[in-house]
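> The structure's right below; bear with me while I get my questions together.
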There are 2 protein chains.
Amino acid sequence: MTLSNYSNEDKVLLAVDCIIFGFDKEELKILLIQRDFEPEKGKWSLIGGFLKKEENLDEAAIRVLHHLTGLNDIYMEQLYTFSKVDRDPADRALSVAYYALIDIKNHDSSLLKRESSKWFNLKDAPNLIFDHNRMVERSLARLQRKALSKPIGFELLPTKFTMRQLQKLYEAILEKKLDKRNFINKFNSLDILIKLDEKDMSSSKKGAYLFQFDEEKYNSKVEDGFSFKL
Amino acid sequence: MTLSNYSNEDKVLLAVDCIIFGFDKEELKILLIQRDFEPEKGKWSLIGGFLKKEENLDEAAIRVLHHLTGLNDIYMEQLYTFSKVDRDPADRALSVAYYALIDIKNHDSSLLKRESSKWFNLKDAPNLIFDHNRMVERSLARLQRKALSKPIGFELLPTKFTMRQLQKLYEAILEKKLDKRNFINKFNSLDILIKLDEKDMSSSKKGAYLFQFDEEKYNSKVEDGFSFKL
DNA sequence: TAAAAAAAGTGTGTTTTAAACACTTTAAAA
DNA sequence: TTTTAAAGTGTTTAAAACACACTTTTTTTA
C-alpha cells in the first residue's frame, strides 16, 4: 500500500474560526479582532487560524482560543464547516467554525490589546469579513438550543452567581424576558444548584444569595437518567 | 494584495462521507459499500469522495449521493467534521460527514450492484473502516433529535403512507415503542397531513387509509409561527 | 357459513408540566 | 421615619403528556 491513492485529489486550506461568547452587564457579548493583515485588513473579524497538519480541529481551536484569552479550559464546540468556493478572496479556504463560552472576567485582558480585539454587545456588533456574520448567526442559534438542553450557561458566569444574574443570562441568550418566579421554580426543581451562605452586595442594598452549579450532582443525576431541560 | 499571505499554511485533503438512511420493513437501514481500493480494500465503509477545489461541501455531497443512488433531490445535512490526525492511515485527510434520508424504494437500485453496495439494518451493520462507526453513531443521534423537531421523517417514506408506517418509522428512529392512539392524536393535532380516499391493502385485510404530508400547509403554518414538535 | 384471526380505527380520564400572576422583606439612602 | 430598589417567595389555572381497551372490518379456515 502506498500513499498514491489520493495523489490526484485536491488539497485545501482549512481555517478554524472561533465565535467567543461572553456575558456582562446583562448583555451577551462576542469578542472580535481587527485584522492586521490582508485581505480585509482593518475590518472586524472572528479570531481564527489555519489548521496545521499535525493537529486535529479541536486542538487548533484550543490553540487559537488560548492565544487570544490566555485561558486553557474553555468550553468549546464545533459548529459547522463553511465552504463557499469564494468565501475567502485570497485563496480557496474552508473554515470550520467553533463557538466558545467564557467567563468574561476570567481571561487575561492584557492579551486583548495586543491583538486589537474588543468585546461587542452581540446586538450591535459590526459587520464582519467573509462569511463571519453567518457564522455568528448560526452559533447564536446553536447556543439558544443548547442552553435549553445542557447546563452550558454556567460557562458564561463566574463560579458564584446570583439567581438574578442567571436569569438575565438566559434572557440574553434566548432574547426574551422570563418570569422571575417561574424561572427560579424551574431551576430549583432541577436541583443542581448549591445555595451558598454568601451574599453578593454589589447590585442591591439587601444583597442577593450566591449560588453555584453543582457539577458533580448534575453528572450523577445524568447517570441516573436525568436530563437538563429548561 | 497577493495570495502570499497564506502560502506557508498547510493544506489537507478533505473527504466527504455520507451516512445514507433508508426505511423498510419497519427497520431503519443504512447504505454501505465494500471498498474496492486501498487502504482497507474489501472492508465496509460509508460512501464518500474528496472535495474538489471548485465545489463547496454541499455540492460534493450531492455529487457523491447522486453517483450511488441516481437521485437528485435528496434530503441531506452536514453533520460534523472529523479530524483525528491519523484517522485515515494513507494520508492526512479530514472528513466532513453528511447524513441523507432517502425513500428506499425510489432510488436506482441497479447502481448499487455496480458499487457493491448494500442496505443493512442499522442494528446489525458491520464494523466500518476508519472513524465511520462514530460518524454513524453521531448521525443517528442527530436524526433522533431532528426528527422530533422537524418534519424530516417523511423523506424516508413514499409520498403516500399509512399511519402505521409513519408510527413504525418513528419507532425505528427513536428506538422505542410508541402508543398508537397517542401517536395518531399527536399527529392529528399538528394538522399537517392529508388523509387520502385511497387505502393501502398490502399489509392487512381491512386496508389502511393512506396519508400525505401537506408541505404547503406546513410551510404556511411555519410562517405563522408554528413549529413541528412531536 | 360460522368462527377465528389480524390489523385498523377510535376517546377519555389522570397526571404532569407550563404559565400567569402580586405582595412582603430587607437595608440603605434621603 | 419615609422612601427606594432589589430580593424573595406560592398558588391557581390552563395545557400537554400519558396511560389505557374495545369495536370494526374483512379474509381465512374449520
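> Sort through B:ASN56, B:ASN5, B:ASN106 and tell me the only one that's assigned by TED's automatic domain parsing to the domain that holds B:LEU122, at pLDDT below 95 and of a type outside the set (A, V, I, L, M).
B:ASN106
> Next question. Which one of the conditions (1) open to solvent by 50 Å² or more (accessible area, probe 1.4 Å); (2) more than 19 Å from A:LEU148 (Cβ to Cβ); (3) not in a helix (DSSP H, G or I) does A:SER227 fail to meet, given that it meets all the rest?
Checking A:SER227 against (1) open to solvent by 50 Å² or more (accessible area, probe 1.4 Å); (2) more than 19 Å from A:LEU148 (Cβ to Cβ); (3) not in a helix (DSSP H, G or I), the one that fails is (2).
> Considering only region B:166-178, I want to know if a residue exists there that is loosely packed, with under 15 Cβ neighbours inside 10 Å and in contact (Cβ under 8 Å) with a residue 60 or more places away in the chain.
No, region B:166-178 contains no residue that is loosely packed, with under 15 Cβ neighbours inside 10 Å and in contact (Cβ under 8 Å) with a residue 60 or more places away in the chain.
> Examine region A:138-147 for a residue that is of a type outside the set (D, E, K, R), within 16 Å of DNA strand C (Cβ to nearest atom) and more than 30 Å from A:ALA90 (Cα to Cα), and state whether such a residue exists.
Our first condition is that a residue be of a type outside the set (D, E, K, R); within region A:138-147, this holds for A:139-141, A:143-144, A:147.
Next, only the ones that are within 16 Å of DNA strand C (Cβ to nearest atom) stay: A:144, A:147.
Filter again for more than 30 Å from A:ALA90 (Cα to Cα), leaving A:144, A:147.
The answer is yes, given that some residue of region A:138-147 is of a type outside the set (D, E, K, R), within 16 Å of DNA strand C (Cβ to nearest atom) and more than 30 Å from A:ALA90 (Cα to Cα).
> Among A:LEU140, A:LEU174, which is the only one that is under 20 Å from A:TRP119 (Cβ atoms) and away from DNA strand D (no atom under 15 Å from the Cβ)?
After ruling out the rest, the residue left standing is A:LEU140.
> Among the residues in region A:132-147, are any more than 16 Å from A:ILE74 (Cβ to Cβ) and over 16 Å from the mean Cα position of the chain (by Cα)?
no
> Looking only at region B:17-39, count how many residues are more than 14 Å from B:PRO126 (Cα to Cα) and within 14 Å of chain A (Cβ to nearest Cβ).
So the answer is 5.
> Now a separate question. Do we have any residue at all in region A:15-31 that's touching a Pro at 6+ places or on another chain (Cβ under 9 Å), aromatic (Phe, Trp, Tyr) and touching a residue at least 40 places away in the same chain (Cβ under 8 Å)? Give the derivation first.
Step one: filter region A:15-31 for residues touching a Pro at 6+ places or on another chain (Cβ under 9 Å), giving none.
The answer is no; no qualifying residue exists.
> Restricting attention to region A:24-40, which residues are open to solvent by 40 Å² or more (accessible area, probe 1.4 Å) and at pLDDT 90 or above? Reasoning before the result, please.
Filtering region A:24-40 for residues open to solvent by 40 Å² or more (accessible area, probe 1.4 Å) gives A:25-27, A:34, A:36-38, A:40.
Hits for region A:24-40 are A:LYS25, A:GLU26, A:GLU27, A:GLN34.
> Still on this structure, please answer the following. Can you pull out every residue in region B:58-71 that is more than 14 Å from chain A (Cβ to nearest Cβ) and open to solvent by 30 Å² or more (accessible area, probe 1.4 Å)?
Those that are more than 14 Å from chain A (Cβ to nearest Cβ) and open to solvent by 30 Å² or more (accessible area, probe 1.4 Å): B:HIS66, B:HIS67, B:GLY70, B:LEU71.
> Could you please find all residues in region B:72-95 being open to solvent by less than 50 Å² (accessible area, probe 1.4 Å), within 10 Å of chain A (Cβ to nearest Cβ) and either β-branched (Val, Ile, Thr) or assigned to a loop (DSSP other than H, G, I, E, B) (or both)?
Of everything in region B:72-95, those that are open to solvent by less than 50 Å² (accessible area, probe 1.4 Å), within 10 Å of chain A (Cβ to nearest Cβ) and either β-branched (Val, Ile, Thr) or assigned to a loop (DSSP other than H, G, I, E, B) (or both) turn out to be B:THR81, B:SER83, B:ARG87, B:ASP88, B:ALA90, B:ASP91, B:ARG92.
> Let me ask something else about it. Looking at region A:200-207, can you tell me whether even one residue there is in a strand (DSSP E or B) and within 16 Å of DNA strand C (Cβ to nearest atom)?
Yes, region A:200-207 contains at least one residue that is in a strand (DSSP E or B) and within 16 Å of DNA strand C (Cβ to nearest atom).
The values are calculated or read from the model by the stated rules, or taken from the named source; none is laboratory data. This structure is a prediction, so every number in the text was calculated from the model and none was measured. Cβ sites come from the backbone with ideal geometry, for glycine too, and all protein chains shown count toward neighbours. Please note that ligands, DNA and RNA were not included when accessible areas were found on the heavy atoms of the full protein model with its side chains. Shrake-Rupley method; radii C 1.70, N 1.55, O 1.52, S 1.80 Å.
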